[in-house]
Each structure stands twice: as C-alpha cells, then as structure tokens.
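Asker: Input: one structure, supplied below.
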Amino acid sequence: MNLVEHEAKTILTSFGVPVPRSQIINHDKVLSLGFPVVLKSQVHTGGRGKAGGIRVLKPGDDVAIAVRGLFDLEIKGEKPSVLLAEELLDIAHEYYVSLVINRAEASVELIAHREGGIEVESRDRGEFYRRFITKSTLEGAGDSLADYLELPDKAFVLQDIVDKLYGCFVSEDLLLLEINPLVLTTTGALVAGDCKMTLDGDALFRHKDRTLSEKFTDANFVTLDPAGTVATIANGAGLAMATVDA
C-alpha cells in the first residue's frame, strides 16, 4: 500500500523526523504559505518531477493557474485529489536514505547514497552504502553513515534520524521508507525533502486509526464444504498450489 507524500510526511513528523513547513491545498483552499513555494501533485506514483507534477512558484506567479494545472495533470493514469504546498528549501546538497526489508537476510537494511534526486535509481549498485540494522545494532549507524556521506560533523544528527526512521519503519509495519532527497540546507540542517512509504497491507488491522487516501477491501473468505476438515491460507497462487501438492 503506497502512501502519497503528505501522508508519509505526517507519519514522519509524528516520529520527530524534520520535514519542510507545508500546507494541503484542496480545490477551494487558498495558499497561505509565503513565496517562494513548491507545489506538488499528490499521486500514488513516482516520477512526478519529470511529468511536470512539481512546480516552484515565486512572487508574481499566478497561483490559481498553477494549482488548476496540477489538479488537471494526469500522471501515470492518476489525477491528484489534493496538492502539497511546501516552503522552498535552500539546498546545499541532496542525499538518498532508505530503509527496506531485505528478505534474503531477513533483516531491515539501511541504504544510502551521496547523491540523491531523480536519477538515483540509475546509480551503480556498488556505490550505495548498505547496513543491516536491528534495535540492538542501531548504535554506531550514525558514525558509519556520516563517514560514507562525508558529513563528519553530522554523525549525532544522522544517528538521531536513523533511530527515528527505524522506529517509524517497525512501528508502522513498513515495507519501504525512502527519503529522497534528504536535504542538507545552507544553514546546515538535514530535512526530509521528499518521502515515499509502502505499508504492509496485511498489517493494516494494527493501524485502524490511520485515515489514508488509498483503501483496501477486507479479505475474502471462501466457505468450506461442511464435510471439509483441512484448508490452506497462502499469499500467492504458486504457494497455495505448492501447499496443496505437498
């Protein structure tokens, strides 16, 4: 279950991860943030920047035309129901940081790159920083990450961010938590400029208080023949057939 950016950042904020000041824009909502401001289409897909779904507005720009244009813009078959307006950060550098589940190692993996942004997926796999982390092995991740990102004075801050991201990842039952970019501002702050989250749909029963734009229907169950005594529960057709064969 993929979240739109403003939903992901609301969750990040609840765990103390710094994000830009922002405002949700509905069709009839007036922009109240000062200029310059970044308008972002809120759709459940990547590639918004290349598709024209992110616009920077400066004093003198026509806000109404920009807002209407983004609401009318279809990105990979989806139009936004809301927009996210954010303060424009003074960027000194952009990094990439994410947490994913490494199924082969049955572990949470911390991944980072010195260069964040829209082309990060084209980087050579060997260039990325990788570290398996658990609650008991979080200590030292900040120092290690600071060395890799060449930010020796940010080890404490990075440790704090990693701690909070890991807490968020585990508590919210995430499959992916991606900060791209993690922005280093000209004042030396580290801020989550963008965020992508994928929730484990099978764990949504633990998060019934969440109000999300994407909805999942309840699981479907098949009533067994009264004479039946054995059933299988599987999360894929191949696994189900293999179980029956076994």
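Asker: Filter region 74-128 down to residues that are among the basic types (Lys, Arg) and more than 30 Å from Val30 (Cβ to Cβ) and give me whichever is surrounded by the fewest Cβ atoms within 10 Å (Cβ to Cβ).
Answerer: Taking region 74-128 and keeping what is among the basic types (Lys, Arg), we get 76, 79, 103, 114, 123, 125.
After this cut, where a residue has to be more than 30 Å from Val30 (Cβ to Cβ) as well, the list is 103, 114, 123, 125.
On the way: Arg103: 8, Arg114: 16, Arg123: 14, Arg125: 6.
Result: Arg125.
Asker: So, one more: Which is in contact with a Leu (Cβ under 8 Å, 6 or more places away or on another chain), at negative phi and open to solvent by 60 Å² or more (accessible area, probe 1.4 Å), of Phe132, Phe169? First the steps, then the outcome.
Answerer: Values: Phe169 fails: open to solvent by 60 Å² or more (accessible area, probe 1.4 Å).
From the options Phe132, Phe169, the qualifying one is Phe132.
Asker: Sticking with this structure for a sec: Determine, yes or no, whether Gly193 is of a type in the set (Gly, Ala, Ser), more than 20 Å from Val17 (Cα to Cα) and in contact (Cβ under 8 Å) with a residue 24 or more places away in the chain.
Answerer: Details: of a type in the set (Gly, Ala, Ser): yes; more than 20 Å from Val17 (Cα to Cα): no; in contact (Cβ under 8 Å) with a residue 24 or more places away in the chain: yes.
Against the criterion (of a type in the set (Gly, Ala, Ser), more than 20 Å from Val17 (Cα to Cα) and in contact (Cβ under 8 Å) with a residue 24 or more places away in the chain), Gly193 does not qualify.
Asker: Would you tally the residues in region 27-53 being touching a residue at least 12 places away in the same chain (Cβ under 8 Å) and open to solvent by 60 Å² or more (accessible area, probe 1.4 Å)?
Answerer: The number of residues fulfilling the criteria is 3.
Asker: Moving to a separate point now. Taking region 134-169, which residues are modelled with pLDDT of 95 or more, closer than 23 Å to Asp200 by Cα and hydrophobic (A, V, I, L, M, F, W, C)?
Answerer: Matches in region 134-169: Ile161, Val162, Leu165, Cys168, Phe169.
Asker: Given the criteria modelled with pLDDT of 80 or more, closer than 30 Å to His93 by Cα, in contact with a Phe, Trp or Tyr (Cβ under 6 Å, 6 or more places away or on another chain) and of a type in the set (Phe, Trp, Tyr), does Tyr129 qualify?
Answerer: Yes, satisfied.
The values are calculated or read from the model by the stated rules, or taken from the named source; none is laboratory data. The shown structure was predicted, so the numbers you read here are calculated from the model rather than taken from an experiment. All Cβ positions, even for glycine, are placed from backbone atoms using ideal geometry, and neighbour counts span all protein chains on display. Accessible surface is based on the protein model in full, side chains and every heavy atom, while ligands, DNA and RNA are left aside. Shrake-Rupley method; radii C 1.70, N 1.55, O 1.52, S 1.80 Å.
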